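Data block below; observations after.
The values are calculated or read from the model by the stated rules, or taken from the named source; none is laboratory data. Bear in mind that the values here come from a model prediction, so they are computed numbers and not experimental data. Note that each Cβ is placed from the backbone with ideal geometry, even for glycine, and that neighbours are counted across all protein chains shown.
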Amino acid sequence: MSVLLEFSMTPLDKGESVSREVARSLDIIDKSGLDYRLSAMGTILEGEWDEVMGVVKRCFDRMREDCNRITCGIKIDYRKGKNGRLSGKIKSVEEKIGRQLKV
């Protein structure tokens, strides 16, 4: 069951800048082998349910090693029989408006 999973995980006890902790999560995500897209507000993963949830768990486990309070928002999109949606959804919208968008 292939899904898109968008998530943002942030420590609440590390002050104003949390790029060091976020970078550790992105290292885990990048090494996972899953297709992903990073944005300024979160990351989107594409893969099988257990794979994407496993990546989120590894990010959480790493963050909780030295963070006492963590917030995590997760959004999941499942569509039966569809793969490659990470780029396909954007391409579909671009075709409808006739130009490329910033991604």
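For Gly73, only one of the following conditions fails: (1) over 12 Å from Thr10 (Cα atoms); (2) under 12 Å from the mean Cα position of the chain (by Cα). What is its number?
(1)
For Gly88, state whether it is over 12 Å from the mean Cα position of the chain (by Cα) and more than 19 Å from Ile29 (Cα to Cα).
yes
Among residues belonging to the stretch 48-103 that are surrounded by 11 or more Cβ atoms within 10 Å (Cβ to Cβ) and of a type in the set (Ser, Thr, Tyr), point out the one that is modelled with the lowest pLDDT.
The selected residue is Ser87.
Could you check the stretch 10-66 and list, in sequence order, the residues that are touching a residue at least 40 places away in the same chain (Cβ under 8 Å) and among the aliphatic types (A, V, I, L, M)?
The answer is Leu12, Ile44, Leu45, Val52, Met53, Val56, Met63.
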